[in-house]
Amino acid sequence: MDYLLGILNQTTFGQLVLFGLMVNFTIYGCSLGLYMFLTKISVSRRIGEEQPVLRSDVLLSLITVICNTLVFILGVMLWKTGFIVLNENRLWFQVLFEVLILTLIMDFLMYVFHRSVHFLRYFRKVHERHHEHESTNLLSLFVLHPVESIGFGLMMLGVITLFPFSAVGISLYLVLNSLWGTVGHLNHSVLPQSWLKIAQKGYLCTSEFHYLHHQNPDCNFGFYTSVWDVVFKTIHPSLRTHP
Ligand SMILES: [Zn+2]
Ligand SMILES: [Zn+2]
């Protein structure tokens, strides 16, 4: 990672834009590939109808990749100018702890952001496009208003500006985020029933959890965990297994 950071530190703005596009289109491609793979494996069970893929979905998903690239460029520039400080002297278990902490902080912030875009009148318009998908398809994760994509990116940059995470920890968190978002928007269930129950008892968001949010937008606002939905009583009635 030190080698990569050294190269990034010496890139021109044009090279940084190209690198950012390459990284973000790779994430996009991997997400689409994983989605197609998971819907075709033998254990995969359909949860609901397939949301048709529209040309406007393809266009908006590409705009989201551009927005994510802009956030990436801003992040690297904040690092180059010293506003973001990276701590590269972490041991492997400290890196895993960083990923856990970053995920938990972002889980709370994303719950607040997501619930706000549903209930504040101006923001509701921003989130409406995502909810045109009453079911989900392989592009749903990327069918977002630019304000949402940039908003998520700025929240994350805000957190890593306040605390010195390592580049490896941030990268692993972003991989986890893409993985979770892709699985969350599957309209197929890939976990055996017994695993699904364990995931639900462990407050983890599953494909079924977020699918219910697309069907019933007044509940299930969590992204990684259902903890805040349980605390604030916004969890779907069918999932209220906790006291
Ligand atoms: Zn969604
Ligand atoms: Zn929503």
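Pull up all non-local amide H partners of Ser189: gap of 5 or more, or a different chain, and H-to-H distance under 5 Å with H placed in the peptide plane.
Here the answer is Arg45, Arg46, Ile47, since their amide H atoms fall under 5 Å of that of Ser189.
For the chain, what is the charge dipole size about the Cα centre, in debye to the nearest 20, if Lys and Arg each add +1 at the Cβ and Asp and Glu each add -1 at the Cβ?
280
Which shape class, rounded, prolate or oblate, goes with segment 76-210 when its Cα gyration tensor gives a ≥ b ≥ c as root eigenvalues, a/c under 1.5 marks rounded, and past that a/b bigger than b/c marks prolate?
Oblate, since a/c reaches 1.5 and b/c is not below a/b.
Can you give the helix-only mean residue ellipticity at 222 nm for the chain, where every DSSP H stretch with n ≥ 4 adds -39500 (n - 2.57) and the sum goes over all residues, rounded to the nearest 500 deg cm²/dmol?
Result for the chain, helices only: -21500 deg cm²/dmol.
State, to one decimal in nm², a quarter of the convex hull surface area for the C-alpha atoms of segment 165-243, i.e. the direction-averaged projected area.
6.0
Pick out, from Asn137, Phe123, Ser149, the residue whose Cα sits farthest towards the positive end of the charge dipole of segment 110-183, with +1 on the Cβ of Lys and Arg and -1 on the Cβ of Asp and Glu.
Selected residue: Phe123.
Where the only charges are on Cβ atoms (+1 Lys, Arg; -1 Asp, Glu), what is the dipole of segment 120-161 about its Cα centre, to the nearest 20 debye?
The calculated dipole for segment 120-161 is roughly 180 debye.
Order the peptides 91-104, 39-52 from the highest to the lowest mean number of other Cβ atoms within 10 Å of their residues.
Answer by packing, highest mean first, reads 91-104, 39-52.
Going highest first, how would you order 10-16, 150-156, 209-215, 57-63 by mean Cβ packing within 10 Å?
Peptide ranking by packing, descending: 209-215, 150-156, 57-63, 10-16.
Would you mind checking segment 125-168 for residues with the amide N under 17 Å from a putative spin-label position 7 Å along Cα→C-beta of Leu62?
Counting backbone N atoms under 17 Å from the label point, the list is 139-140, 142-146.
Going by average Cβ neighbours within 10 Å, how do the peptides 22-32, 226-236, 118-128 rank, with the highest at the top?
Most protected by this proxy first, the peptides run 226-236, 22-32, 118-128.
Computed from the coordinates by the stated procedures, all read-outs in this text should not be read as laboratory data. Owing to the predicted nature of the structure, the values given are computational and were not obtained by experimental measurement. Cβ atoms come from the backbone with ideal geometry, glycine included; neighbour counts cover every protein chain shown.
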